[in-house]
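Take a look at the structure below.
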Amino acid sequence: MVGAAGGVGSFAVQLAKGAGAQVTAVASTDGHAFLARLAPDRTIDYQQEDWKALGERFDIVFDASGTSTFPECRRLLAAGGTYVHTLPNAALFGWSWWLKLTAKEHCVPVMERPNRADLETLVRLAAAGRIRSVVTRIGGPEDVPALQRAMAGGHNRGKIVVRFAPDP
């Protein structure tokens, strides 16, 4: 799980753990303290170790950070494994279609689509305490430019919330 300490990655770690997966979480040095509360099975500090050069194979390589490509990660996939990327581009879609025709590996570009059933499932998991949104920054409308700059820097932890009205 690359980008495991970010907003999408922190949910992905919880969902994978809840499904019984063994999770290897990749994050920067300062992301490891944040990840401890999510309890991945293993953490890798990408500032100290090149996760793309690991000598092991994974059923799924999930990149929530946008820092990898399918060709870089293909050798990390177990037979029939899947590469998932949350910031797809034209090359990723090309790989996705090509692999459907020619290979055992899969490449899945994640696209946001409104899906009521999935949202209801997430609400049930949250209500049952099985997943939680880890909010690390809260701001108002006037803070949006600074919050966007922080997000663009790629080192935010958990979720960022913008409040447009005071709490009731």
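Taken together, the values in this text are just the output of simple stated rules run on the coordinates, not laboratory data. Just so we're clear, the structure is a prediction, and the values are computed from it rather than from any experiment. Counting neighbours? That spans all protein chains shown, and the Cβs are built from the backbone with ideal geometry, glycine included.
If you take the beta carbon distance between residue 36 and residue 104 as r and set R0 to 30 Å, what does 1/(1 + (r/R0)^6) give as a FRET efficiency, to the nearest 0.05?
Between residue 36 and residue 104 the formula returns 0.25.
With only Lys, Arg, Asp and Glu charged, each at its Cβ (+1 for the first two, -1 for the last two), find how big the charge dipole of the chain is about the Cα centre; round to the nearest 20 debye.
In total the dipole reaches around 360 debye.
Cβ under 15 Å from residue 105's Cβ, residue 105 left aside: what net charge do those residues give with Lys, Arg +1 and Asp, Glu -1?
Here the charged neighbours net out to +2.
Going by average Cβ density within 10 Å per residue, which order do the peptides 111-117, 142-148, 4-10 take, highest to lowest?
Working: 111-117: 7.1, 142-148: 12.1, 4-10: 24.6.
Taking the mean over residues of other Cβ atoms within 10 Å, the ranking is 4-10, 142-148, 111-117.
Between residue 134 and residue 15, what is the spin-label point distance in nm, taking each point 7 Å from the Cα along the Cα→C-beta axis?
If labels sit at residue 134 and residue 15, their model points lie 1.7 nm apart.
Can you give the FRET efficiency for residue 152 and residue 122, using 1/(1 + (r/R0)^6), R0 = 22 Å, r = Cβ-Cβ distance, to the nearest 0.05? If you can, show how the numbers build up before the last one.
Numbers: r = 26 Å, r/R0 = 1.17.
Efficiency, from the Cβ-Cβ distance: 0.30.
List the lysines whose alpha-carbon lies under 24 Å from that of residue 104, not counting same-chain residues fewer than 8 positions away?
The qualifying lysines are 52.
Under the definition of Cα pairs under 8 Å and six or more residues apart, what whole-number percent is the relative contact order of the chain?
Over the chain, the number comes to 21 percent.
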